[in-house]
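Chemist: Let me begin by handing over the structure; questions about it come next.
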Amino acid sequence: MVSFVGAGPGAKDLITVRGQRLLQDADIIIYAGSLVNPALLEYAKKDCEIYNSAEMTLEQVIGVIRRGAARERKIVRLHTGDPCLYGAVREQMDALDRLGIEYEVCPGVSSFCGAAASLKAEYTLPGLTQTVIITRAEGRTAVPQTECLEALAAHGAAMVLFLSAGLLQTVQERLLLGAYTADTPCAIVYKATWEDEKIVRGRLCELAELAEKNGIRKTALIVVGDFLGSDYELSRLYAADFSTEFREASV
Ligand code: SAH
């Protein structure tokens, strides 16, 4: 069996219980060495074969899985955060389908959740926004024109940018063409939940400068939106005059 496992955002104990068990049982682990905390490999058995996919091509990864599956080994493909975001897992799953190799997916805590925890923030605040936009700036990977940053910024929703820390001058300029203003709060979260995590808070008009000053060019999330500010409305769910399936209104 092959298991695609979400490693969580960084801290060794933020993998799921199921993910940890799969790591402990694995005969072969292929981990995304550019972002997965190597401390997670301490869960592996002594004789587990370990490969770093940062140094491998898709073909080589599939080759290791194919040979391991032929020997009936338990294989873990360990991805950072949750595999469903910028994980390049679909192409691996399709290759395994073609080879008739079975697999499962074990979710993980995405870094955008880790970053919110570190910021002690809630993305969806009543009266402000009920939407989180997860996106990236266009770099070597193209982004469809309909999803360009200025178009997404028109919503003024909470926004989380992955894979964009090296492109912040253009990110800042494009976001300012939408509904955000120079004063819209933003934060750069470097290595959320790792021991050397760093959080920089500021305003959108100084985003690029803040990253530059703090020497942050990668392994960071950019979060933007009024949810980082102090104004919002209380939720209806816990309001005293609001009845739900579980609680009668008390006033
Ligand atoms: N699947 C992953 C994302 C992989 S893409 C997830 O769910 O989190 C890689 C990008 O994720 C990095 O460039 C960075 O923008 C972000 N990232 C991953 N881990 C991070 C962390 N601990 N802190 C901040 N950003 C992180």
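The values are calculated or read from the model by the stated rules, or taken from the named source; none is laboratory data. What you are looking at is a predicted structure, and each value in this text was computed from that prediction instead of being measured. All Cβ positions, even for glycine, are placed from backbone atoms using ideal geometry, and neighbour counts span all protein chains on display.
Chemist: Those residues that are near the ligand (Cβ under 10 Å from one of its atoms) and either under 25 Å from L125 (Cβ atoms) or of a type in the set (D, E, K, R) (or both), I need them from segment 166-198; list them, please.
Modeler: Residues satisfying the conditions are I188, V189, Y190, K191, A192, T193, E197, K198.
Chemist: Moving to a separate point now. Scan segment 81-98 and give yes if some residue there is surrounded by fewer than 17 Cβ atoms within 10 Å (Cβ to Cβ), modelled with pLDDT of 95 or more, in a helix (DSSP H, G or I) and outside the structural domain of E42 (by TED's automatic domain parsing), otherwise no.
Modeler: No; the residues of segment 81-98 include none that is surrounded by fewer than 17 Cβ atoms within 10 Å (Cβ to Cβ), modelled with pLDDT of 95 or more, in a helix (DSSP H, G or I) and outside the structural domain of E42 (by TED's automatic domain parsing).
Chemist: Identify the residue in segment 158-188 that is in contact (Cβ under 8 Å) with a residue 60 or more places away in the chain and out of contact with any Phe, Trp or Tyr (no Cβ under 9 Å at 6 or more places or on another chain) and, among all such residues, is surrounded by the most Cβ atoms within 10 Å (Cβ to Cβ). Spell out how you get there, then give the answer.
Modeler: Quick first cut of segment 158-188, residues in contact (Cβ under 8 Å) with a residue 60 or more places away in the chain only: 158-163, 187.
From what is left, the residues that are out of contact with any Phe, Trp or Tyr (no Cβ under 9 Å at 6 or more places or on another chain) are 161, 187.
Details: L161: 26, A187: 21.
The extreme case among them is L161.
Chemist: Is there any pair linking a residue in segment 3-26 that is among the aliphatic types (A, V, I, L, M) and surrounded by fewer than 21 Cβ atoms within 10 Å (Cβ to Cβ) to one that is in a loop (DSSP other than H, G, I, E, B) and modelled with pLDDT of 95 or more, with Cβ under 7 Å and at least six apart or on different chains, and which?
Modeler: A11/T193; A11/W194
Chemist: Could you check how many residues of segment 1-22 are of a type outside the set (V, I, T), more than 16 Å from the ligand (Cβ to nearest atom) and either in a loop (DSSP other than H, G, I, E, B) or in contact with a strand residue (DSSP E or B) (Cβ under 6 Å, 6 or more places away or on another chain) (or both)? Walk me through it before giving the result.
Modeler: Just the residues of segment 1-22 that are of a type outside the set (V, I, T), to begin with: 1, 3-4, 6-14, 18-22.
Checking the rest, the ones that are also more than 16 Å from the ligand (Cβ to nearest atom) come to 1, 18, 20-22.
Imposing the further condition that a residue be either in a loop (DSSP other than H, G, I, E, B) or in contact with a strand residue (DSSP E or B) (Cβ under 6 Å, 6 or more places away or on another chain) (or both) reduces the set to 1, 18, 22.
Of the residues in that region, 3 qualify.
Chemist: Kindly establish whether T146 is within 12 Å of the ligand (Cβ to nearest atom) and more than 23 Å from S230 (Cα to Cα). Give the steps one after another, and end with the answer.
Modeler: Details: within 12 Å of the ligand (Cβ to nearest atom): no; more than 23 Å from S230 (Cα to Cα): yes.
Here the answer is no, as T146 does not meet what is asked.
Chemist: Identify the single condition in (1) buried (at least 20 other Cβ atoms within 10 Å of the Cβ); (2) at pLDDT below 95; (3) not charged (D, E, K, R) that V76 does not satisfy, given that it satisfies every other one.
Modeler: Of (1) buried (at least 20 other Cβ atoms within 10 Å of the Cβ); (2) at pLDDT below 95; (3) not charged (D, E, K, R), only one is false for V76: (2).
Chemist: Another question about this same structure. Looking at (1) within 15 Å of the ligand (Cβ to nearest atom); (2) of a type in the set (D, E, K, R); (3) over 16 Å from G10 (Cα atoms), which is the only condition D94 fails?
Modeler: The number of the failed condition is (1).
Chemist: Also, quick follow-up: Does Y190 satisfy the criteria of being closer than 29 Å to T80 by Cβ and either more than 19 Å from the chain's Cα centre (by Cα) or not hydrophobic (A, V, I, L, M, F, W, C) (or both)? Can you show your working first?
Modeler: On the way: closer than 29 Å to T80 by Cβ: yes; either more than 19 Å from the chain's Cα centre (by Cα) or not hydrophobic (A, V, I, L, M, F, W, C) (or both): yes.
Spelling it out, Y190 is indeed closer than 29 Å to T80 by Cβ and either more than 19 Å from the chain's Cα centre (by Cα) or not hydrophobic (A, V, I, L, M, F, W, C) (or both).
Chemist: Another one. Are any of the residues in segment 226-245 touching a residue at least 24 places away in the same chain (Cβ under 8 Å) and within 12 Å of the ligand (Cβ to nearest atom)? Quick ask: steps written out before the conclusion?
Modeler: Going through segment 226-245, the residues touching a residue at least 24 places away in the same chain (Cβ under 8 Å) turn out to be 226-229, 231-236.
Now narrow it down to the ones that are within 12 Å of the ligand (Cβ to nearest atom): none.
No, because not a single residue in segment 226-245 is touching a residue at least 24 places away in the same chain (Cβ under 8 Å) and within 12 Å of the ligand (Cβ to nearest atom).
Chemist: Also, quick follow-up: Exactly one condition in (1) more than 21 Å from D196 (Cα to Cα); (2) touching a strand residue (DSSP E or B) at 6+ places or on another chain (Cβ under 8 Å) is not met by G63; state its number.
Modeler: For G63, the exception is condition (2).
Chemist: Now for a separate question. Hey, G202 hits all of (1) within 16 Å of the ligand (Cβ to nearest atom); (2) touching a residue at least 12 places away in the same chain (Cβ under 8 Å); (3) out of contact with any Ser or Thr (no Cβ under 8 Å at 6 or more places or on another chain); (4) of a type in the set (G, A, S) but one; which does it fall short on?
Modeler: Failed condition: (1).
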